[in-house]
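Here, each number is a calculation from the coordinates, and none is a lab measurement. Values in this document were obtained by computation on a predicted structure and should not be read as measured data. With ideal geometry, Cβ positions are generated from the backbone for all residues, glycine too; neighbour counts draw on all protein chains shown.
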């Protein structure tokens with residue numbers, strides 16, 4: 001196993017399409033809930049412990065070999081918002097293209113055929129990590145970090161926030177990210193005995209509502 005593969009997968013330059021999505025930050029800015037570094041930290045913390053935890057567990061379970069179809073159905077059930085479901089599948093499709101080009105594998109090819117419109121992004125992330133020879137913890141870290149780094153980067157653009165402040169937010173959240181990864185990987189390992197119901201189903205209603213509002217905007221900077 002090469003940990004360098006994790007650096008490639010988690011690199012913001014990896015062509016997975018995440019740069020076009022704000023993770024709910026654009027809607028939160030418009031609603032006045034996100035206005036600076038302090039509120040960005042609160043926003044990212046909430047996202048980490050809900051959407052981030054769910055994504056990390058799904059990604060870890062995919063590395064462990066849980067059937068992609070089961071995981072995709074579990075992701076769908078944990079995503080009430082149609083707008084977020086669509087965004088997750090679009091991101092999954094783009095990530096699949098990048099992963100197949102970077103770490104060619106029969107498994108990735110089979111899942112791409114199974115989900116021509118894209119599987120949910122965390123599931124594909126886990127499959128990409130598996131193809132790269134990474135372990136469940138690596139995939140969980142990648143998913144959890146993406147859940148907060150995306151909104152932080154988007155907020156720099158949306159509010160002209162000082163990038164140093166945004167990076168400071170991510171650094172302060174690092175201990176909590178470790179805890180989320182531990183919870184996610186523990187849940188993923190229980191799937192073998194308890195099925196996908198063992199995976200967390202933490203919800204973030206404001207993210208769901210905000211995604212539906214955001215999808216109806218005629219003009220927006222980010223796709224979600």
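Subtracting the Cα-Cα distance of residue 33 and residue 172 from 0.36 nm times their residue separation leaves 48.1 nm of extension gain. Packing, taken as the mean count of other beta carbons within 10 Å per residue, orders the peptides 21-27, 64-70 from highest to lowest as 21-27, 64-70. Could you list log10 I(q)/I(0) for the range 102-224 at q = 0.12, 0.19, 0.22 Å⁻¹, which the Debye formula gives when each Cα is one point scatterer? Normalising to I(0) and taking log10 leaves -0.63, -1.30, -1.35.
The order of the peptides 189-195, 136-142 by mean Cβ neighbours within 10 Å, most packed first, is 136-142, 189-195. Largest GNM mean-square fluctuation across 74, 87, 101, computed for the chain with C-alpha springs under 10 Å, falls on 101.
Taking 0.36 nm per residue of sequence separation and removing the Cα-Cα distance, the residue 110/residue 162 pair yields an extension gain of 14.4 nm. A Stokes-Einstein calculation at 20 °C with viscosity 1.002 mPa s, built on the Kirkwood radius of the chain over Cα pairs, returns a diffusion coefficient of 125 µm²/s. Taken along the Cα-to-beta-carbon direction at a fixed 7 Å, the label points for residue 19 and residue 117 span 2.8 nm. Here each label is just a point 7 Å from Cα along the line to Cβ, and for residue 213 and residue 7 those points are 4.1 nm apart.
For the chain, the longest principal axis of the C-alpha atoms and the axis of helix 68-77 are separated by about 30°.
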